[in-house]
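Okay, so here's the structure we're looking at.
The values are calculated or read from the model by the stated rules, or taken from the named source; none is laboratory data. Keep in mind it's a predicted model, so treat the numbers as computed, not measured. No Cβ is skipped: glycine too gets one built from the backbone with ideal geometry, and neighbour counts run over all protein chains shown.
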């Protein structure tokens, strides 16, 4: 079994690439609802798509390592040797579900705060904690128990505490993650804290207080990007994209005029160009493309356009028809549980990594073995996520709805 500590080798690169804080209904204030009070089906479809991409990307990462004997994160399409290698690299490059989650989060939080501008900043942060932390802590506890059962060493007591607060990602080289995907939650909290400070600014009567709040946010984000470096700035760009779509009707109108066929061609070309020339791994990109910018920097900016188009189109789409609702029910179900799915899929993949490797090494029916293993991984992930959703997410969501 691949130990959680083994994820450290890919953790830093995931900080720059992984596919978004898989946060189903991330906004307490704006849970993605339509004017009628029901959930926004379009945003649930986006969440379902994002979590599907994320799970598939991580499965391909582990399976590709077993099958090809190399880290596909460090390969570009130009490096691919054979069809299987080409497909694995393409999947790893093209699956940016986490990035899409970041944009959704920026959109939802901004929509909610625009509707309720007098929300107290402390209450806002408290609601975010109540929404996200219980599931996170249970998943981290499970990862710690799995590590102990496998005879692996846990981080120090302070390191475990930092993991439970997602602050270990301030020191990724010194404090290994219990659960690699929590890097995205760290950036979610950066966004939430920034939003809370800006709430203080919008509610303050003193111009001096407003100026100080804005300066604190700018200085804080700038310092964080400076210290962490790498792709940090692109995560803030993704959040800003969601905020822009939420607050600007001009941007939404401009995006709505772009035909779907143009969007598909545009995004396929962007991903193909990026994947052909550049590996996904940040350090490898820096080595191959020395300079102030990497291919990922350009890709992230172009991806923001595609994500903005998807949100602008789907958030306002009409799914009121009974037939549409029935046919999209499965996707909506996944969207509602995408946060739990995000937290639980990696522990399950690592738990069954030996089985994945065995299936990948079979001389005959290799594809069938990988497909069967994927079904097993997905089935167990769905079961754990449903239990997590019902026990840890639904109680809070129901209380919020009642208020």
- line: Scanning region 172-192 residue by residue, the ones that are in a loop (DSSP other than H, G, I, E, B) and within 17 Å of residue 339 (Cβ to Cβ) total 1
field: Those residues of region 262-277 which are under 22 Å from residue 50 (Cβ atoms) and surrounded by 16 or more Cβ atoms within 10 Å (Cβ to Cβ), in sequence order
entry: 263, 267, 270, 271, 274, 275
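Hand me the list of helices (runs of 4 or more DSSP H) wholly inside region 41-125 holding 3 or more residues that are under 23 Å from residue 344 (Cα atoms) and more than 14 Å from the chain's Cα centre (by Cα).
The qualifying helices (runs of 4 or more DSSP H) are 41-68, 83-94.
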task: Go through (1) at pLDDT 90 or above; (2) more than 18 Å from residue 374 (Cα to Cα) one by one and return the number of the condition residue 81 breaks.
output: (1)
- line: By residue number, the members of region 306-326 that are surrounded by fewer than 16 Cβ atoms within 10 Å (Cβ to Cβ) and modelled with pLDDT of 65 or more are 316, 317, 318
- line: Within region 135-171, residues assigned to a loop (DSSP other than H, G, I, E, B), surrounded by fewer than 18 Cβ atoms within 10 Å (Cβ to Cβ) and under 21 Å from the mean Cα position of the chain (by Cα) come out as 165, 171
field: Tally, over region 259-304, of residues that are more than 21 Å from the chain's Cα centre (by Cα), more than 15 Å from residue 92 (Cβ to Cβ) and assigned to a helix (DSSP H, G or I)
entry: 12
query: Applying the selection to region 327-348, what residues are modelled with pLDDT under 90 and not in a helix (DSSP H, G or I)?
result: 328
message: Looking at region 80-97, I want the residues that are more than 22 Å from residue 342 (Cβ to Cβ) and have a partner that is part of a loop (DSSP other than H, G, I, E, B) with Cβ atoms under 8 Å, at least 6 apart or on another chain. Which pairs are those?
response: 85/75; 86/80; 89/75; 89/76; 89/80
Residue list for region 377-393, filter: farther than 18 Å from residue 130 by Cα and either surrounded by 15 or more Cβ atoms within 10 Å (Cβ to Cβ) or within 20 Å of the chain's Cα centre (by Cα) (or both): 377, 378, 380, 381, 382, 384, 386
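Within region 221-258, work out how many residues are touching a helix residue (DSSP H, G or I) at 6+ places or on another chain (Cβ under 7 Å) and outside any helix (DSSP H, G or I).
3
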